[in-house]
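Worksheet: the structure to be examined is printed underneath.
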Amino acid sequence: MTAAPASFEPSPALLEVRDLHVEFRTRDGVARAVNGVTYSVAEGETLAVLGESGSGKSVTAQAVMGILDMPPGRITGGEILFQGRDLLKLKEDERREVRGREMAMIFQDALSSLNPVLSVGEQLGEMFVVHRGMSRKDARNKAVELMDRVRIPAARERVGQYPHQFSGGMRQRIMIAMALALEPALIIADEPTTALDVTVQAQVMDLLAELQRELAMGLILITHDLGVVADVADRIAVMYAGRIVETAPVHDIYKAPAHPYTKGLLESIPRLDQKGQELYAIKGLPPNLLHIPPGCAFHPRCPLGRDMCRTDEPPLYDVPDGRGSACHFWQEAHHG
Ligand SMILES: Nc1ncnc2c1ncn2[C@@H]1O[C@H](COP(=O)(O)OP(=O)(O)OP(=O)(O)O)[C@@H](O)[C@H]1O
Ligand SMILES: [Mg+2]
């Protein structure tokens, strides 16, 4: 191998979401769920997406996966570049192909994602039958291999069992196995451990992080758990009212957040004995997406809010070291 020349251009991001807008037509009006999200994920990188309930984390992920509920959802602007191609411009069959082979999603609730009347072996094997044209017998062996890989004990004996015969943690491992089956380039995990007991959460998360490293996949990890983020993520994107308000390498953000909202989130790290509790350190409530406040959407709750915050929507300002903050007064948040 030859050394990269000095002017070496980094390879384009695996995934680049640019200025994405998604809205939902509801009886009461238009809910602006995603309002110009821009983020990227490199090969082998883990991007953690944080933010309160309703900030648009899942909707953005669904748009990337191509599983958005349309209608009532509608993508009204932006680009989703995956391996250089804009997914929003693909035909439905091309899109399905990308979704099946190149990206996979892991949800919070395995029980409702897995088919209750098919054995886990059949469901895992199906991936290889459909996408790789394997025989049923070979596919079953592959299923056992995958179950071993996600460390389900006695895989060969359990391959014929049904989802309800597994514990919550084991079911989540099966979901991970399904997602990994075709070795996709990108995995989106939406609160993958939220429904599990605390001890099991850590095991499942460690497993996911380990496999992600092994396979050098890009991972978008949506989570409320800042403890998990610190352990496994490379970078963080913090969402508020359908926008990214701060993005930074993970350790930098813990040391010195550059947005008052991030600061509030970090100060409200839930303790282990308060599992499942919402984050309360930030006063007030997230905005109504039918009536997002003008200017900076966070200003009604912001300790730094000034006049201009009520009128001028902040761009994502450059913060040194490859970071970004959508706060007019980020320097104050950062150094104050
Ligand atoms: N199917 C839908 N129909 C109508 N509105 C929707 C639909 N899905 C999402 N929304 C709107 O989009 C907003 C953002 O939803 P999203 O699921 O992305 O939030 P989230 O950040 O993932 O929150 P949580 O942490 O609770 O999962 C919701 O508050 C809701 O107003
Ligand atoms: Mg969600």
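The values are calculated or read from the model by the stated rules, or taken from the named source; none is laboratory data. Keep in mind it's a predicted model, so treat the numbers as computed, not measured. Neighbour counts run over all protein chains shown; Cβ positions are idealised from the backbone, glycine included. Just so you know, the surface numbers come from the protein's heavy atoms only, side chains and all, with ligands and any DNA or RNA stripped out. Shrake-Rupley method; radii C 1.70, N 1.55, O 1.52, S 1.80 Å.
So, Val130, is that one loosely packed, with under 15 Cβ neighbours inside 10 Å and not polar (S, T, N, Q) or not? When the stated conditions are applied, Val130 passes them.
Matching residues to (1) free of Cβ contacts under 8 Å to residues at least 60 places away in the same chain; (2) surrounded by fewer than 20 Cβ atoms within 10 Å (Cβ to Cβ); (3) away from ligand 1 (no atom under 16 Å from the Cβ); (4) outside the structural domain of Ala48 (by TED's automatic domain parsing):
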| residue | (1), (2), (3), (4) |
| --- | --- |
| His164 | yes, yes, yes, yes |
| Ser167 | yes, yes, yes, yes |
| Thr194 | no, yes, no, no |
| Leu208 | no, no, yes, no |
| Asp231 | yes, yes, yes, no |
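Based on this model, can you work out whether Glu246 counts as open to solvent by less than 10 Å² (accessible area, probe 1.4 Å), outside the structural domain of Gln123 (by TED's automatic domain parsing) and charged (D, E, K, R)? Considered against the rule, which asks whether it is open to solvent by less than 10 Å² (accessible area, probe 1.4 Å), outside the structural domain of Gln123 (by TED's automatic domain parsing) and charged (D, E, K, R), Glu246 comes out as yes. For the residues Ser135, Ser53, Ser58, the requirement of being polar (S, T, N, Q), within 16 Å of ligand 1 (Cβ to nearest atom), open to solvent by 10 Å² or more (accessible area, probe 1.4 Å) and out of contact with any strand residue (DSSP E or B) (no Cβ under 8 Å at 6 or more places or on another chain) singles out Ser53. Residues being touching a helix residue (DSSP H, G or I) at 6+ places or on another chain (Cβ under 6 Å), surrounded by fewer than 21 Cβ atoms within 10 Å (Cβ to Cβ) and more than 23 Å from Gln62 (Cβ to Cβ) are entirely absent from segment 212-229.
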